[in-house]
Every structure is written in C-alpha cells, then in structure tokens.
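Asker: Below is the structure I would like to discuss, written out as structure tokens.
Laboratory data are not the source of any read-out in this text; all were calculated from the coordinates shown. Because the structure is predicted, anything quoted here is derived from the model rather than measured. Positions of Cβ are backbone-derived with ideal geometry, glycine not excepted, and every protein chain shown enters the neighbour counts.
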Amino acid sequence: MNRRQLLGGAAAGAALLASPHVARAQQAITLNGASQFNDDHVFTRALVRFEELVKQYYTAGPVNFVLHKNSSLGLEKQYFEYMSAGRGAVDYGIVSPAHMSTFSRAAPFVDAPFLFRDLAHWNQVLDQDLFGPVAQEIERRARVALIGYAGGGVRNIFANKRATNMAEIRGLKVRVQGAPIWSRTFQAAGMSPSVIAYNEVYNAIQNNVIEAGENEAAGVEAMRFYEVAPNLLMTQHAITIRPLCFSTQTLARLPAPLQEAIRRAGREAGVFGRQAESSEDGQKIESLERAGRLRRIEFTERAALKRAVDPVMLAYAREVDAEGIYTRINALSS
C-alpha cells in the first residue's frame, strides 16, 4: 500500500468517526424506559403507545425499546434523576411534576390541588399549553423535555374511616406528595399531612402511622390501598397531570428525524393516556365498589374546602412566579 492510499484510508476513517449517526446507521438504537406499574396500569400503556408511535413515525432504522416495569428501576423520582443525568439508564418515563421541583420551583404547580374546576377545564388548560413556560424551564435546567401530558385521574382521599365534611376531616393524618403546596393546602383544610414514600403508604396505614392517602382510581387499584383504607372520600381535590418525559441529552445524540418522531409520539401518547385515564377513572371506582372493596363517601363541603385553600394557592403561585399562569387558568371558562 502506498502513502497516498494509506492517507486516503485514514481520512475516510476519520470522516466516519466524525459522523456517529453514519456509523450507527446499520445498528439498532436502544432506548430505556421505566414505569412504577405493571402492564395494566394506564401509565405503562401510555408509554407502550409512545413506543409504537415512534416506530410508526421513524422508519429509517431499527429502534428498540426496553421498558422496565413494576418499579424495577426504583420510583419516579429516580427516573427523573436518571433522565437528567443523561447516561441512558432511563431515557423516557412518566413522572409526577412534584419530583421536578429541584429544577423548577413552579413544576409542582402543574399538578397542584384545587387548580382545575373539572375535566373540561383541565383539558382546556392543556390544549392551550398554559404550562409551556414551566416546561421550558425544566428542559433548560434539568435537561429533560416534557414531550406530552398524560394523567386525567380525579384524585380523592382514601381513608380507614368515614368523613363527609370539614369537621370530620379535621386532624386527619393523610399522606401527601413531597411538594410543599400539598402539605400547605391540606393543612389549610385542617388535616395533618405527612410526606411518605409512595411505596410505603400501604404499610403506614396498616400500622396506624397515618389514616389516609390521596390518589386517583388507577393508583388505588394498582397499589391495593382499598385493603387498608376502603373509604373513598370524594373530595375531588385534583386532576392529575403526568408529563411524559425524555432526556434531552439522549435526544441530542439521535438522528434529527428520530428526534422529531419522539416529540410527535410524545404529544400523541400523552393524549392517549389522558383519554384512557379520564374515561377509565370512574369505571375503576364502580368496579371496586361492586366488588365490595371500596365505599364511596360523599364529601358535602367541597366548596368550603376549596375556599379554605384558595388563599394558599394564590400565595404559592406568587411565590413560584406562576401568578400569571394561575390567572390565565382561572380566566378560562370551561
């Protein structure tokens, strides 16, 4: 081999190394996802739908998805940390906004209690992308993109005792999410909130550490909370928003057409998740009630409950620089 051939071969090799997508073109891209739940849970199904849509929209090469279920990689807080680190342990998942507060003070506001009047109002807020500024801050600071919004479950209080009004929930020892707004609003309503890890709630009620928790029907069913707290107090205090997240560091390493497919699939999978959860929510409660596992308890003073927490919500919105978003949400007529 002469010198010219040797240099030509070296130049070609250097060009190949400088174009990693060319080198990878013949190899399957593998992406790792995580879910706390089993195959039946709506969050897992929304992630599976996301995977299907990505494969539908990106046909230039094979993409393999590995979805780790049943909390095999920990809980949502860990998933978000993994995505933020961008090392590939978790590339995508559905995460509660409460776990994003380290990067955006306004993140828990997305899923705050007593923010929405009803499902129609909730859908209106999401359709108009009123949480866009929060999503942009999270993507900039945490390096995690919110590519879609799932959720839609109406959250109520499950308890080991009956309660129908403000007087009867006074002092109720209830587990809440870690974001401060949850503790503040439940305290304003007269309850005694505690922050406990999600996977410890069942045992905490069983051992009388707490008396109650709060969740949507899918969570109550999946975690079997009805076994230790069969009374569902219909406070309807929140409608869940669960962003479908993707690591932007992983995203940046992918071919541009695949990036576009991921963002498009995320939006559509979020809509799928919202429609599924909101439609199935009432059905799950009815099914559990028919089976004798759960008792719906009418809460007769929801308006008074909301009045008690409204000043806290407004103060919190101001504190996290979300007063403008809060004003626009309240101005919508559903």
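Asker: Lys/Arg Cβ at +1, Asp/Glu Cβ at -1, dipole of the chain taken about the Cα centre: which of ALA204, HIS121, THR102 is farthest positive-ward?
Answerer: The residue sitting most towards the positive pole is THR102.
Asker: Same structure again: Using only Cα atoms, what is the ratio of the radius of gyration of the stretch 223-334 to 2.2 N^0.38 Å? Mind dumping the intermediate values first?
Answerer: On the way: Rg = 19.6 Å, N = 112, 2.2 N^0.38 = 13.2 Å.
For the stretch 223-334, the normalised Cα radius of gyration is 1.48.
Asker: Given an 8 Å cut-off on Cα distances and at least 6 residues of separation, report the relative contact order of the stretch 149-252 as a percent. All intermediate terms of the calculation are to be shown ahead of the outcome.
Answerer: Working: 170 pairs, mean separation 49.2, N = 104.
With pairs under 8 Å counted, the relative contact order is 47 percent.
Asker: Another question, if that's okay. Run through every distinct alpha carbon pair of the chain and return the Kirkwood hydrodynamic radius in angstroms, one decimal place. Before the final figure, lay out each step's value.
Answerer: On the way: mean 1/r = 0.0471 Å⁻¹.
After inverting the pairwise mean of 1/r, the radius is 21.2 Å.
Asker: Restrict the search to the stretch 128-185; then list the trypsin sites (Lys or Arg not before Pro) that DSSP places in a loop and that have at most 11 other Cβ atoms within 10 Å of their Cβ. List each step's numbers first, then the result.
Answerer: Values: sites: ARG140, ARG141, ARG143, ARG155, LYS161, ARG162, ARG170, LYS173, ARG175, ARG184; in loops: ARG143, LYS161, ARG162, ARG170.
When the trypsin sites (Lys or Arg not before Pro) of the stretch 128-185 are filtered for loop state and at most 11 Cβ neighbours within 10 Å, ARG162 remain.
Asker: To the nearest 20 debye, what is the magnitude of the charge dipole of the chain about its Cα centre, counting +1 on the Cβ of each Lys and Arg and -1 on the Cβ of each Asp and Glu? Show your work: numbers first, answer last.
Answerer: Values: 38 positive and 33 negative charges, 145 e Å.
Taking the Cα centre of the chain as origin, the dipole is about 700 debye.
Asker: Let me ask you something else. Which value, in Å³ per residue, describes the convex hull spanned by the Cα atoms of the stretch 99-141?
Answerer: Details: hull volume 2.8 nm³, N = 43.
For the stretch 99-141, the hull spanned by Cα atoms encloses 65 Å³ per residue.
Asker: Here is a follow-up. Roughly what percent of Cα-Cα pairs across the stretch 66-110 reach past 12 Å?
Answerer: 59
Asker: Taking the stretch 56-194 as the region of interest, what is the percent of Cα-Cα pairs per 10 angstrom bin, listed from the shortest bin to the one with the maximum distance?
Answerer: The calculated distribution, bin by bin, is 10, 32, 33, 19, 5, 1, 0.
Asker: Given points 7 Å out from each Cα along the Cα-Cβ axis, report the VAL66 to ASN160 separation in nanometres with one decimal.
Answerer: Rounded to a tenth, the inter-label distance reads 4.1 nm.
Asker: Sticking with this structure for a sec: Assuming 0.36 nm per residue, please report the length gained on full extension of the stretch ARG307 to VAL195 beyond their Cα-Cα distance. The partial results should precede the final answer.
Answerer: Working: separation 112, 0.36 × 112 = 40.32 nm, distance 2.35 nm.
Extending this stretch completely gives an extra 38.0 nm.
Asker: Find the relative contact order for the stretch 193-297 and round it to a whole percent, using C-alpha pairs within less than 8 Å whose residues are 6+ positions apart. Each step should come with its number before you reach the end.
Answerer: Details: 53 pairs, mean separation 41.4, N = 105.
Result for the stretch 193-297 is 39 percent.
Asker: Turning to a different aspect of this structure: Once both labels are modelled 7 Å past Cα along the beta-carbon direction, what's the ASP40-ASP129 spacing in nm?
Answerer: 3.7
Asker: Expressed as cubic angstrom per residue, what is the convex hull volume of the alpha carbon set of the stretch 119-161?
Answerer: On the way: hull volume 4.8 nm³, N = 43.
About 112 Å³ per residue, rounded to a whole number.
Asker: What is the percent of Cα-Cα separations in the stretch 253-299 that go past 15 Å? Spell out each step's value before the answer.
Answerer: Values: 689 of 1081 pairs.
So the portion of pairs separated by more than 15 Å is 64 percent.
Asker: Using label points projected 7 Å from each Cα along Cα→Cβ, tell me how many nm separate GLU319 and LEU75, to one decimal.
Answerer: My value for the distance between the label points is 2.1 nm.
Asker: Taking Cα pairs under 8 Å and at least six residues apart, what relative contact order does the chain come out at, in percent?
Answerer: Working: 595 pairs, mean separation 80.6, N = 334.
Worked out over the chain, it gives 24 percent.
Asker: Residues with amide H under 5 Å of LEU67's amide H, sequence separation 5 or more or different chain, H placed in the peptide plane at 1.01 Å from N; which?
Answerer: GLY33
Asker: Next question. Taking 0.36 nm per residue of sequence separation and subtracting the Cα-Cα distance, how much length would be gained by fully extending the chain between ALA188 and ALA167, in nm to one decimal?
Answerer: So the chain would gain 6.3 nm between ALA188 and ALA167.
Asker: While we're here: Set the Förster distance to 30 Å, then compute FRET efficiency between SER287 and ARG140 from the Cβ-Cβ distance, nearest 0.05. Present the calculation step by step, with values, prior to reporting the outcome.
Answerer: Details: r = 43 Å, r/R0 = 1.42.
About 0.10, to the nearest 0.05.
Asker: Strictly greater than 13 Å: what percent of every Cα pair in the stretch 152-194 meets that?
Answerer: Values: 496 of 903 pairs.
It works out to 55 percent of all Cα pairs.
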